[in-house]
Structure formats: C-alpha cells, structure tokens
Amino acid sequence: MTAASYERHAWGCAPQDAAQANEHARLLARRAAAGDPRARREVVLQVQARVRAIANALLPSPADADDAAQVALLEILRSIGGYRGDGPLVGWAARLAVRHVRRCVHRRRRQHEREHELDDHAPGPSSEPPLSESLPRDLRSYLGELPEDQREALVLRFALGFSFDEIADATGAPVSTIRGRIRAGSKALRQTIAREQRFGTGATP
C-alpha cells in the first residue's frame with residue numbers, strides 16, 4: 001500500500017490543501033505516538049528520504065551518514081508526539097534530523113582530533129567521487145576548508161533547500177547570523193575556486 005493510499009484508507013479522504021494535510025499528519029503522528037505500528041511505518045515512509053538527504057549532505061562518509069539517518073529516524077519516532085500539525089510533517093522531521101546529524105558531525109570531529117593526537121599524522125585522502133567535474137577539486141574538499149558554521153549553512157541552504165528561517169530554527173542561530181555565514185562562505189568558495197581555475201590547485205593568494 002502506498003503512502004497516499006494508506007492515508008486515504010486511514011482517514012477516509014486525501015488532503016486537499018496544506019492545512020488539511022497538516023491535520024492528517026497530526027492525526028497520524030498521534031497514532032504513531034500511541035504505538036500504532038502501521039502509523040509508525042507510515043511516518044518513516046514519509047520522512048526517510050529527507051532525513052537521508054540531510055545525513056548524506058552533512059556527513060562525508062556514506063557509512064556515517066547511514067548510521068546517523070537510522071538513529072535520526074528513531075529519534076523522530078520517539079519525539080513524534082511533539083508534532084502539533086503547525087507545518088508539514090516532513091519539515092518538522094527535517095529540523096530534528098539536522099539537530100541530530102549536527103551532533104554526529106561534532107562527535108566525528110572530536111573523534112578525528114583524538115585520532116590525530118594518537119597517530120600523529122593526517123588521515124589519507126578521500127576516495128569519494130567528485131561532486132562537480134567542472135571544478136579543479138571535489139566540491140566537498142572546498143567545503144571542508146570552510147569554518148564549520150559556514151559549511152553547514154551553505155549545505156543546508158543550497159544542497160538541501162532549507163529556508164533561512166528553517167536553518168535558524170535547526171541551528172539555534174539568528175537569521176541575520178545565518179545570512180552572514182552564507183555570504184562569507186560563498187565569497188570564500190568563489191575566491192578559492194577562481195584562484196585555482198586560474199593558477200592551478202595549491203595556489204596561494
């Protein structure tokens with residue numbers, strides 16, 4: 001049974017507008033919070049693609065991203081009773097997923113720092129394929145050179161399509177700060193890419 005057909009079966013009609021869709025989602029969330037396994041599966045079906053996209057965008061390792069997405073889905077199910085139908089269920093779940101994946105990113109960074117201290121050498125180069133063939137280097141490597149807050153804001157805005165308000169809600173930073181991070185990160189990326197396209201990789205200002 002598809003997500004749409006289940007929703008029609010469960011509630012008797014398909015949503016006709018945003019308000020009605022949110023109300024259907026609220027009722028679904030209430031049933032999921034009460035432990036209805038069918039409703040819980042439906043919640044996962046509705047949000048899992050967005051959750052996985054967030055994890056893949058913010059974590060460079062596919063294995064780390066998969067683990068983070070799985071745990072984020074569990075956290076969403078544990079918190080589903082907090083959904084009040086004020087907006088789309090997928091958007092509410094995405095904000096929870098961002099918060100969880102950010103914690104994973106911070107843990108991963110601390111773990112790597114400890115490994116650096118123990119091993120006293122840098123990790124090997126990434127084996128991931130380039131995201132853009134037109135750039136001198138893999139886009140992820142450029143993003144990796146930015147401060148974490150700028151990189152995070154750029155990924156949420158341009159890779160995942162979050163609005164400024166959604167990024168602010170997910171990260172706890174004011175919208176003005178988010179805008180500033182995106183401006184600074186975009187400027188730094190443009191300057192680095194332009195320099196390398198002109199002089200080659202490894203060029204310095």
Legend entry - segment 58-75: number of residues that are under 26 Å from Glu145 (Cβ atoms) and either in contact with a Cys (Cβ under 6 Å, 6 or more places away or on another chain) or crowded, with 18+ Cβ neighbours inside 10 Å (or both): 6
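I'd like to verify a number: residues in segment 168-205 that are in contact (Cβ under 8 Å) with a residue 24 or more places away in the chain and either surrounded by 15 or more Cβ atoms within 10 Å (Cβ to Cβ) or in the same structural domain as Asn56 (by TED's automatic domain parsing) (or both), how many?
Qualifying residue count for the region: 15.
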Inset, instruction - Check Val51 against each of (1) of a type in the set (A, V, I, L, M); (2) more than 24 Å from Leu154 (Cα to Cα); (3) surrounded by 18 or more Cβ atoms within 10 Å (Cβ to Cβ) and name the one condition it does not meet. - result: (2)
Inset, instruction - Select from segment 37-85 the residues that are under 16 Å from Val98 (Cβ atoms) and of a type in the set (Gly, Ala, Ser) and list them in ascending order. - result: Ala49, Ala53, Ala55, Ala57, Ala65, Ala68, Ala69, Ala72, Ser79, Gly82
Inset, instruction - Report yes if some residue within segment 13-30 is surrounded by 18 or more Cβ atoms within 10 Å (Cβ to Cβ), farther than 17 Å from Glu75 by Cβ and among the charged types (D, E, K, R); otherwise report no. - result: no
Inset, instruction - Would you be able to say whether some residue in segment 179-201 is outside any helix (DSSP H, G or I) and either touching a Ser or Thr at 6+ places or on another chain (Cβ under 9 Å) or modelled with pLDDT of 85 or more (or both)? - result: no
Legend entry - Residue selected from segment 76-111 under the condition surrounded by 12 or more Cβ atoms within 10 Å (Cβ to Cβ) and more than 30 Å from Arg30 (Cα to Cα), by the criterion modelled with the highest pLDDT: Val105
Legend entry - Single condition Leu160 does not satisfy, out of (1) modelled with pLDDT of 85 or more; (2) crowded, with 16+ Cβ neighbours inside 10 Å; (3) not polar (S, T, N, Q): (1)
Legend entry - Hits in segment 156-178 (condition: among the acidic types (Asp, Glu) and not in a helix (DSSP H, G or I)): none
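The values are calculated or read from the model by the stated rules, or taken from the named source; none is laboratory data. Since this is a predicted model, take the numbers as computed values, not measurements. When we count neighbours, we look across all protein chains shown, and the Cβ atoms used for this are built from the backbone with ideal geometry, even at glycine.
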